[in-house]
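Report on one structure; see the data block that follows.
The values are calculated or read from the model by the stated rules, or taken from the named source; none is laboratory data. It should be emphasised that the depicted structure is a prediction, and the values quoted were computed from it without experimental measurement. Cβ sites come from the backbone with ideal geometry, for glycine too, and all protein chains shown count toward neighbours. Each accessible area value is taken on the protein alone, full model and side chains, heavy atoms only, with ligands, DNA and RNA left out. Shrake-Rupley method; radii C 1.70, N 1.55, O 1.52, S 1.80 Å.
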Amino acid sequence: MKNNHRPATLWTLASLTMVSVVLVVPWIMWQSQAPVPLNIMIIDKSRPDLSYQGHKGLVWLLNQQKIVQHTGEHYSYEEDYYGFDILEGVPRVKRLLPDEVTDTDLIYLTANRSSLSEIKDERRQDGIYEGITTYDVQKIREAAYKGVTIVAEYSALANTASPMTREQLYPILGVNSSGWQGKSVSDLQSLKEVPRWIRANYEQREKKAWSYHGAGILLVQVDGQVMVLEKGTDVKTENVQLEFTQQGRDWSGISQDIYYNGWFDIIVPEPKSSTTLAWCKTDLTETGQQKLVNAGIPSEFAALVRYDDDNQSYYMAGSFGEMKQYSFWRRIQGWDIVRAKLTPNQKDIPDMFYWKVYVPVMKHILQEVQEGRQQWP
């Protein structure tokens, strides 16, 4: 009797062997790769919720690139940051910045949150929570002027203990805040996309009910003022894309426009020593442009800015490094490249922006820090 199952069994074994080789070889390559010691100070002053969402993506990349602390230990997103944590359900200070920070290779200010929906009044709810303090800025400035690279994400300028503290960050990051933040919204009636407090602020100021429907771009000022750019009237589409400048393309290797659906800061780069590497691209109509002009809002939104003067810094005007699920595949060499290529450029795919923009951008910055010199094309 003929064994009809044998060809199928052989094919299955061959397939499993091929998959094993494809996974095992990159794992062996990762294991044999020499660790790179870099002293990276992560400052996450977000209100703690045990998700560590603000710096989890950075720590994943450090581990995947086999960047370790000078002690040889791998970075842990649960332990290796300065900021707040939760103890028995109560927010508490986890670690204060040390007196000496100039022996650091890079200081990283994480994004505050992916949404403004829970930011309002949180400082009043937790007496311990105050964001970035004057002491923090003093230490950051000392390090920056000693040659330490500073990287900051969305809301670092808003997440400060006082306006004075915020102004002290401006010359370090090479950007000023316009006071406005924005977000693409697919349904202006959705409470998930447009929180109640934003509607309440609008209705109180404008003395009329929130009547917006459909898609658009939501703009919120730090004092609570709200503006809506409606699809069809003010913008041709509600989509926001990151568009790299030619210099940004040459530097990052990213030539494609990438969808971005999180909150973003509307900033004003310092004109002399700042270089805009990418813009938040919107399809404003003439009506929409005039709305921004009337409100004193820049009509172009810088997304990634490099500053070179007395110090070197990068400002990402969005929560670029946010990661919700800590990927298991960090011990596979080249996994970040594979994931970027396999992930479609669609705005509703989780972590899409992380793989396609944040990872290659941060790899270039980390490479610059390792080599101790600027790398411009």
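With protein chains left intact and a 1.4 Å probe, residues in the range 228-320 average 40 Å² of accessible area per residue.
Summarising the amide proton neighbourhood of K94: residues at separation of 5 or more, or on other chains, whose placed amide H is nearer than 5 Å comprise G83, F84, D85. 3J(HN,Hα) couplings calculated from phi for the range 345-357 with the Karplus curve 6.51 cos²θ - 1.76 cosθ + 1.60 (θ = phi - 60°) are, in sequence order, 7, 10, 5, 8, 7, x, 6, 4, 5, 4, 6, 8, 10 Hz; Gly and Pro show x.
From the Cα gyration tensor of the range 123-210, with a ≥ b ≥ c the square roots of its eigenvalues, which class applies: rounded if a/c is under 1.5, or else prolate if a/b is larger than b/c, or else oblate? It comes out prolate by the Cα gyration axes. Extension gain for T133-A209 works out to 23.6 nm (0.36 nm per residue, less the C-alpha to C-alpha distance).
Among rounded, prolate and oblate, which fits the range 175-218 when a ≥ b ≥ c are the square roots of the eigenvalues of its C-alpha gyration tensor, a/c under 1.5 means rounded, and a/b larger than b/c means prolate? It comes out oblate by the Cα gyration axes. Between the amide H of M323 and those of K56, G57, distances stay under 5 Å, these residues lying 5 or more places away or on another chain, with hydrogens modeled in the peptide plane.
Per the Kirkwood formula applied to alpha carbons, the range 256-352 shows a radius of gyration over Rh ratio, Rg over Rh, of 1.04. Sequentially through the range 238-250, phi angles give Karplus couplings (6.51, -1.76, 1.60; θ = phi - 60°) of 7, 5, 10, 10, 8, 10, 7, 6, 4, 5, x, 5, 4 Hz, Gly and Pro residues having no value and appearing as x.
What a 1.4 Å probe finds exposed on the range 217-299 is 42% carbon and sulfur by accessible area, rounded to a whole percent. Stretching D348 away from R95 to a fully extended chain increases their span by 87.6 nm, per 0.36 nm per residue minus the current alpha-carbon distance. Determine the distance separating the Cα centre of the range 249-326 from the Cα centre of the range 194-238; give it in Å without decimals. The range 249-326 and the range 194-238 have Cα centres separated by 21 Å. Multiplying the residue separation of A295 and E78 by 0.36 nm and subtracting their alpha-carbon distance yields 73.9 nm. Residues in the range 299-312 carry Karplus couplings, in order, of 7, 10, 10, 5, 9, 9, 10, 10, 10, 9, 8, 6, 8, 10 Hz; the curve used is 6.51 cos²θ - 1.76 cosθ + 1.60 with θ = phi - 60°, and Gly or Pro positions show x.
Remark on W263: its backbone amide H falls under 5 Å from those of S319, a criterion applied only to residues 5 or more positions apart or on other chains, H modelled at 1.01 Å from N.
Per residue, the range 165-214 exposes 50 Å² of accessible surface when a 1.4 Å probe is rolled over the protein heavy atoms with every protein chain present.
Using a cut-off of 19 Å between Cα atoms, the listed pairs K45/K139; K183/K341; K56/K183; K146/K272 include K183/K341; K56/K183; K146/K272 as exceeding that distance. Per-atom-type breakdown for the range 155-214 gives carbon and sulfur 48% of the accessible area (1.4 Å probe, protein chains only). Legend: calculated FRET efficiency, S273 to Q247, from the Cβ-Cβ distance at R0 = 22 Å, rounded to 0.05, equals 0.95.
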